[in-house]
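A short worksheet on the structure shown next.
Nothing in this text is a laboratory measurement; each read-out follows from the coordinates by a stated rule. No experiment lies behind these values; they were computed from the predicted model shown. Heads up, the Cβs are rebuilt from the backbone with ideal geometry, glycines too, and the neighbour counts pull from every protein chain shown.
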Amino acid sequence: MKLLSSLLAASFLLAASGANAGKLAGKNVILIQGFLPQHVFLPPSDGGQADGVDYWKSFPLYNNGQGDSNRNGIGDDDPHAKILHFSSAKRIEEPDQSGSGLNVVNQLKQLFASEPGYCAEGCVVVTHSTGDLVMRYVMDNSHLLDQYENHLNVVAFVDLAGAGGGTEGAVWLNAVANGANIPGAIAEGLAAWLGGDLNAPGLEPGILYDLQPSVARNTSVDNIPAIPRLRVASAGEELYGLLTHLFIKGTDDSVVPLHSACGAAFDGAYDSCTRDLRIDGRVKNGVNGPSTYYDYHYPIIMSEEMPHNDQFKGLGWDFSSGYPWLVKGRDMTFALSGAKAYENGTANQTVDVDVEYETVYAWWDWFRKYRLISNASSKSMGQVVMDSFE
C-alpha cells in the first residue's frame with residue numbers, strides 16, 4: 001500500500017534519485033555525524049575530519065556507500081553529499097571559539113565560498129545522534145554564517161536516532177568526569193559505551209555536557225525554524241545495551257532514549273513515538289508515547305530491533321569497532337499517526353512523504369494487526385530512507 005501524506009515542510013517532493021549519488025529528491029545532501037567516544041580519550045588533531053568522513057563510509061547517500069576512495073579524510077568523492085565534522089571532545093560552545101557549533105559553521109562558510117549554489121535549490125540535512133543537537137544550534141545561530149547565511153537553504157532534516165533531547169547516559173558520564181563515584185554496573189555500562197577506561201587521565205567529556213537532557217533541552221529550542229525534522233527512532237541492542245539501559249530513561253537504542261529520538265517535547269519514559277502504534281509495528285491504542293513534540297518534529301520511521309550504530313551503516317560486515325559485527329536489515333514500521341497529527345499545522349509549505357508499507361495480521365502474535373514497511377528487513381536504514389521519501 002502507498003501512503004501520500006502531507007507534512008509541514010518545504011515545497012518539494014522528497015525522493016531517492018538513483019541517477020545522482022548523494023542526492024535525495026534531486027537535492028544535495030549534507031551529512032553530520034554523531035558522538036564519537038574515542039575523542040573523549042584522544043581528542044583528534046584534525047577537528048574530527050577524518051573520523052567524520054569514515055563515519056559515513058557505508059551510508060548509501062554518500063558515494064553509493066563506497067566511502068572515501070581517495071582515503072584522504074576529506075570526503076570529496078561525492079559532489080552531491082558533503083560531510084560536516086566536529087570533535088566530540090569539544091562542547092558546542094567553547095570560550096576560545098573552538099566549539100563544535102562554530103566548527104560546523106566555519107565548514108559551511110568554506111562550502112558556500114567554494115560552491116555558492118550548493119543549496120540554491122534546497123539541501124536535505126541528514127544527521128545521526130549528536131549531529132541533531134549540533135545542527136539545531138547551527139540553524140538557530142545561522143547569523144554566524146555572515147554573508148553566507150542565505151546560502152543555507154535547508155528544506156528538510158532526516159534525523160537518525162536524534163539526540164537533540166539529550167540522553168541520561170551523558171549525565172553519568174559527566175559525573176564521572178567530575179570525579180563522582182559511580183555504582184559498579186553503571187560504571188561498566190559507561191565504560192563499554194565509550195570503549196575505554198573511565199579512570200584514564202585526561203578524560204575530555206566535551207560535548208557530553210551538552211547531551212545531558214537538562215542542557216540539550218535548553219539548547220536552541222526557542223526559535224526552531226519552520227523546517228520539517230523527520231525523526232527515525234529505534235530500540236535495538238548494542239553489545240553494551242544491557243548495561244546502558246540501566247540509566248537511560250524509558251525505551252532506548254542503547255544510547256539515545258525515545259524521548260529524544262522521537263522529538264518529544266518532554267523527556268518522559270516512552271515506549272514508542274506514537275500513542276496508537278508500538279515500536280514493533282503493532283497497531284494498538286493506549287501505547288505509552290509522547291503527547292506533544294517539538295515544533296516541526298515528526299516521527300516517521302521506527303524499528304524495535306535496529307541498534308543505535310546500525311542506523312548510519314550499510315549492510316554487511318563492519319570492523320570499525322575492532323571486532324566483526326554483521327549489520328543486517330531489520331523490520332521497520334511507518335509512524336502513520338505521527339505524520340497525520342501534523343497535516344493541519346501552521347506552516348505554509350508541504351512535503352510529500354511516500355512510504356510503502358503493508359498491513360500484516362501476524363500469525364506469530366495471535367493474528368494481531370501490524371503495520372510494517374515493505375521489504376525493510378532486507379535493507380539498511382539508509383536504503384529505507386531513500387526509498388521512503390519519494
Mind listing the long-range amide H neighbours of ARG282? Cut-off is under 5 Å, sequence gap 5 or more, other chains count too, H placed in the peptide plane at 1.01 Å from N.
-> ARG371
Pairs of lysine residues in the range 17-344 - Cα separation under 26 Å, sequence separation of 8 or more or cross-chain | 26
If you take the Cα Rg of the range 221-292 and divide it by 2.2 N^0.38 Å, with N the number of residues, what do you get?
-> 1.15
Which FRET efficiency value, to the nearest 0.05, do you get for THR359 and PHE266 by plugging their Cβ-Cβ distance into 1/(1 + (r/R0)^6) with R0 = 35 Å?
-> 0.65
Phi to ³J(HN,Hα) by Karplus 6.51 cos²θ - 1.76 cosθ + 1.60 over the range 227-236, Hz, x for Gly, Pro | 10, x, 10, 7, 9, 10, 10, 8, 9, x
Cα-projected label distance for ILE74 with ASN288, points at 7 Å along beta-carbon direction, nm | 5.1 nm
Quick one: Karplus J couplings for the range 40-50, per residue in order, coefficients 6.51, -1.76, 1.60, θ = phi - 60°, nearest Hz, x for Gly and Pro?
-> 5, 9, 9, x, x, 7, 9, x, x, 4, 4
Between LEU315 and residues 5 or more places away or on another chain, which pairs have amide H atoms under 5 Å apart, with H built 1.01 Å from N, and which residues are they?
-> SER380
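Can you list which of the trypsin sites (Lys or Arg not before Pro) found in the range 49-121 are DSSP loop residues with at most 15 other C-beta atoms within 10 Å? Walk me through the numbers before you get to the answer.
Numbers: sites: LYS57, ARG71, LYS82, LYS90, ARG91, LYS109; in loops: LYS57, ARG71, LYS90, ARG91.
Those that pass, being in a loop and sparsely packed, are ARG71.
Find, among the GluC sites (Glu not before Pro) in the range 80-174, those assigned to loop by DSSP (not H, G, I, E, B) with at most 15 other beta-carbon atoms within 10 angstrom.
Here the GluC sites (Glu not before Pro) that fit, given the DSSP loop and packing criteria, are GLU93, GLU121.
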Evaluated over the range 94-156, the Cα radius of gyration and Dmax, each in Å = 11.5, 35
Under Karplus coefficients 6.51, -1.76 and 1.60, residue-wise ³J(HN,Hα) of the range 91-108 in Hz, glycine/proline x | 6, 4, 10, 10, x, 8, 6, 9, x, 4, x, 5, 4, 5, 4, 5, 5, 5
Viscosity 0.692 mPa s, temperature 37 °C, Stokes-Einstein D of the range 17-344 from Kirkwood C-alpha radius, µm²/s = 166 µm²/s
